[in-house]
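Undergrad: Before I ask anything, here is the structure I am working with.
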Amino acid sequence: MKRDAILSVGDDFDGYVILSLLGRGGMDEVYKARDVGLNRDVALKLVELTPMFDEDMQTRFEREVSVLSRMNHPNVVEFYSSGERDGLVYLVQECVEGADLLAI
């Protein structure tokens, strides 16, 4: 059964205004959003803190944030920030325009 998106276009989430849903996986959703404070578009990845989001998943999410925060390469999207709000953990990255890689 397909679930509704966590956020909707126009929602304000912690200083990011949702512009569109870019994609979704089993546990997360990625949105194109506008960073209101810095006036730039970003990719906002959200993961719901459900009972399925156990300690192992929390560790993997924290490891992803740690690795992303140390990466600095022209072929890797830039990591901006991460946090937790309203039962969601999230990370914010550079939004890269272009074709969907699954469509290529």
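The values are calculated or read from the model by the stated rules, or taken from the named source; none is laboratory data. Since the structure is predicted, the reported quantities are computational estimates derived from the model, not experimental observations. All Cβ positions, glycine included, derive from the backbone under ideal geometry; neighbour counts span all protein chains shown. Calculation scope for accessible area: heavy atoms of the full protein, side chains included, ligands and nucleic acids excluded. Shrake-Rupley method; radii C 1.70, N 1.55, O 1.52, S 1.80 Å.
Undergrad: If you count, for each residue, the other Cβ atoms within 10 Å and average over each peptide, how do 84-90, 23-29 line up from highest to lowest?
TA: Numbers: 84-90: 15.3, 23-29: 13.0.
The peptides rank, most packed first, as 84-90, 23-29.
Undergrad: Dipole of the chain, Cα-centred, from +1 at each Lys and Arg C-beta and -1 at each Asp and Glu C-beta, to the nearest 20 debye? Before the final figure, lay out the partial values.
TA: Numbers: 11 positive and 20 negative charges, 47 e Å.
The dipole of the chain has a size of about 220 debye.
Undergrad: How much length is gained on full extension from residue 21 to residue 48, taking 0.36 nm per residue of separation minus their Cα-Cα distance?
TA: Working: separation 27, 0.36 × 27 = 9.72 nm, distance 1.54 nm.
Extra length available between residue 21 and residue 48 comes to 8.2 nm.
Undergrad: Here is a further query. Mind giving me the FRET efficiency for residue 76 and residue 38? R0 is 22 Å, r the Cβ-Cβ distance, nearest 0.05 is fine.
TA: About 0.65, to the nearest 0.05.
Undergrad: Which one of 82, 92, 67 is farthest out on the positive end of the charge dipole of region 63-104, using unit charges on Cβ (Lys, Arg +1; Asp, Glu -1) and the Cα centre as origin?
TA: Result: 67, furthest along the dipole toward the positive end.
Undergrad: Still on this structure: Of all accessible surface on region 1-67 at a 1.4 Å probe, what whole percent is carbon and sulfur?
TA: Values: 2180 of 4130 Å².
Heavy-atom surface of region 1-67 belonging to carbon and sulfur, 1.4 Å probe: 53 percent.
Undergrad: Next question. Which of the listed residues, 22, 10, 49, is farthest toward the dipole's positive end in region 1-93, when Lys, Arg count +1 and Asp, Glu count -1 at the beta-carbon?
TA: Positive-end residue among those listed: 22.
Undergrad: Now for a separate question. Please compute the Kirkwood hydrodynamic radius over region 44-84, one decimal place, Å, based on all pairs of different Cα atoms. Numbers along the way, then the final one.
TA: Details: mean 1/r = 0.0869 Å⁻¹.
The answer is 11.5 Å.
Undergrad: Excluding ligands, DNA and RNA, what is the solvent-accessible area per residue of the chain at a probe of 1.4 Å, expressed in Å²?
TA: Numbers: 6930 Å² over 104 residues.
Value returned for the chain: 67 Å² of accessible area per residue.
Undergrad: In nm, to one decimal, how far is the residue 69 label point from the residue 97 one, both placed 7 Å along Cα→Cβ?
TA: So the label points at residue 69 and residue 97 sit 3.1 nm apart.
Undergrad: With runs of 4+ DSSP H residues as the only contributors, calculate the mean residue ellipticity of the chain at 222 nm using -39,500 (n - 2.57) per run, divided by the residue total and rounded to the nearest 500.
TA: Calculated mean residue ellipticity at 222 nm is -5000 deg cm²/dmol.
Undergrad: Continuing with this model, one more query. When a/c reaches 1.5 or more, the comparison of a/b and b/c decides; with that in mind, is the chain rounded, prolate or oblate per its Cα gyration tensor?
TA: rounded
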